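The numbers here are math on the coordinates, done by the rules we state, and not lab data. For clarity, every value in this text was computed on a predicted model and none was experimentally measured. Here the Cβ positions follow ideal geometry from the backbone for every residue, glycine too, while neighbour counts run over all protein chains shown.
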Amino acid sequence: MIRWPYFESSPLRPLLEQLLSEERQRGGGPRGEPMPVNVYETDDGVVIDAAVPGAGPDDVDIQCAEGVLTIRARSQVPEREFMHQEIRPVEYLRQLALPADCRFEDARAEAENGILTIRIPKSRPRTPEKIKIQVARRGGDAKTIDAKPGSYSEVKPKKPRR
């Protein structure tokens, strides 16, 4: 019978489990704990719902740079002598890539019941414009084409004015 060394008991195993458990309880690490988010699109913008339990409005920082939305939050727990403590202070950090047409400068945020809601409007798409395309044909004569969304038609070139 072959014995697998990782399943055998070791005096270091409980110490390792305790160390890992303490790291999980501290939460966050150097970059912060990722918060759960829901992101969806509406007719006029993008909406982000982020769960930040225990974080007040002064504990949340929202920034946008180069199309990346960064949400930082800190939940607070009062200092006291606990008989048993499972709720600990947490540093949250989440970064999301935004669509190119988002206007962050017009964004609004509100918080209710531990959910931070960020609404970011999008730019209205511009209607396509006609673009004249010069097409060279064999034999040397050039024609101009009106490019329209979905179709095109050939247009006779205008004679230059003298």
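Full extension of the segment from Ile133 to Ile62, taken as 0.36 nm per residue of separation minus the current Cα-Cα distance, would add 21.0 nm. Assuming R0 = 45 Å, can you tell me the calculated FRET efficiency for the pair Glu79 and Asp101, based on Cβ-Cβ distance, to the nearest 0.05? Using R0 = 45 Å, I get an efficiency of 0.45. The length gained on full extension between Leu15 and Ile87, counted as 0.36 nm times the residue separation minus their Cα-Cα distance, comes to 23.7 nm. Using the average count of surrounding beta-carbon atoms within 10 Å as a protection proxy, the listed peptides 110-123, 72-85, 45-58 rank, highest first, as 45-58, 110-123, 72-85.
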